Structures are given as structure tokens and as C-alpha cells.
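Before any comments, here is the structure.
The values are calculated or read from the model by the stated rules, or taken from the named source; none is laboratory data. Predicted, not measured: the structure shown is a model, and the values here were computed from it. Heads up, the Cβs are rebuilt from the backbone with ideal geometry, glycines too, and the neighbour counts pull from every protein chain shown.
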Amino acid sequence: MRKSGSGGLVYSTESGRMCPGCRQPVAACVCGKPQRPAGDGVGRVSREKAGRGGKTVTVLRGLALEDAELVALGQKLRAACGTGGTVKEGVVELQGDHAEKVVAWLLAQGHRAKRSGG
């Protein structure tokens with residue numbers, strides 16, 4: 001943590017994620033539930049490599065599911081692909097290039113999904 005000459009806080013990683021509405025830490029949010037991007041119901045599956053140390057990651061965005069449902073979907077996808085991953089801010093990330101397998105699995109489960117990106 002560093003303070004500027006005028007005494008105001010310049011930068012801090014101490015409190016983690018901040019609520020975009022009230023600018024407070026998510027744990028102490030005063031405006032209610034933090035907003036996450038609402039999906040349009042179509043799962044867009046893409047492959048990303050930038051900013052990840054050269055590692056390929058399959059990313060799923062756009063599903064209009066609650067956080068708990070998205071976490072459960074992430075667990076099922078990790079098991080189906082046999083890989084690790086995480087769910088962050090409404091986005092499911094799977095380690096490795098599994099885009100085609102994820103699209104096929106989502107369609108088989110009754111979700112609307114399509115491949116996006118290269």
C-alpha cells in the first residue's frame with residue numbers, strides 16, 4: 001500500500017475485488033449484490049492465450065445463469081473435459097483447448113452455444 005503526498009490512498013490490493021456501484025470491497029458492499037454482466041443466453045466458447053503465460057484456456061461467456069448454477073456447470077464441464085478450471089465473474093475458464101468438446105457438450109445438455117473467435 002502506498003500513500004500519495006496529499007494523504008489519499010493511491011493503490012491497494014489489500015481489500016481485493018471492488019463493487020462497481022459503491023466502490024467498496026465486495027465483502028462490505030453497501031449497494032446490494034455486485035453486478036456481473038448479464039448473459040444473453042447463448043454460450044460463446046472461445047480459446048484465449050493472451051496474458052496467461054502462453055497457456056491456452058477455453059473460455060465460456062454469455063450464459064444467463066445464476067452464480068451457483070454457473071459453478072455447477074463449470075464442475076460438470078471440468079469433469080467432461082478431464083481438466084482443471086475456474087469460474088470467475090460469470091465466465092467459465094477451462095485449462096487447455098477444449099472448445100469443440102465444450103460446444104458439443106452444451107448442445108447435448110440443451111443449452112444454446114456457439115463457437116466464437118478463431
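Which of (1) surrounded by 13 or more Cβ atoms within 10 Å (Cβ to Cβ); (2) free of Cβ contacts under 8 Å to residues at least 40 places away in the same chain; (3) in contact with a Ser or Thr (Cβ under 9 Å, 6 or more places away or on another chain) is the odd one out, the single condition TRP105 does not satisfy?
Among (1) surrounded by 13 or more Cβ atoms within 10 Å (Cβ to Cβ); (2) free of Cβ contacts under 8 Å to residues at least 40 places away in the same chain; (3) in contact with a Ser or Thr (Cβ under 9 Å, 6 or more places away or on another chain), TRP105 violates only (3).
Which one of these is among the small types (Gly, Ala, Ser) and more than 17 Å from the chain's Cα centre (by Cα): GLY53, GLY85?
After applying the criteria, what remains is GLY53.
Taking the condition of being more than 18 Å from GLY39 (Cβ to Cβ) and among the charged types (D, E, K, R), how many residues in region 60-118 meet it?
Within region 60-118, residues that are more than 18 Å from GLY39 (Cβ to Cβ) and among the charged types (D, E, K, R) number 4.
Please work out if LEU70 is touching a strand residue (DSSP E or B) at 6+ places or on another chain (Cβ under 7 Å), farther than 24 Å from MET18 by Cβ and either surrounded by 11 or more Cβ atoms within 10 Å (Cβ to Cβ) or without any contact (Cβ under 8 Å) to a residue 24 or more places away in the chain (or both).
Answer is no for this residue.
State all residues of region 23-58 that are of a type outside the set (D, E, K, R), modelled with pLDDT under 80 and assigned to a loop (DSSP other than H, G, I, E, B); if no residue qualifies, say none.
Residues satisfying the conditions are GLN24, CYS29, VAL30, CYS31, GLY32, PRO34, GLN35, PRO37, ALA38, GLY39.
Are there any pairs, at least 6 apart or on different chains, whose C-beta atoms fall under 9 Å, with the first in region 37-52 and within 21 Å of ARG112 (Cα to Cα) and the second at pLDDT below 85 and of a type in the set (Asp, Glu), and if so, which?
PRO37/GLU89
If a residue has to be part of a strand (DSSP E or B) and over 18 Å from ARG44 (Cβ atoms) to count, how many in region 59-103 make the cut?
1
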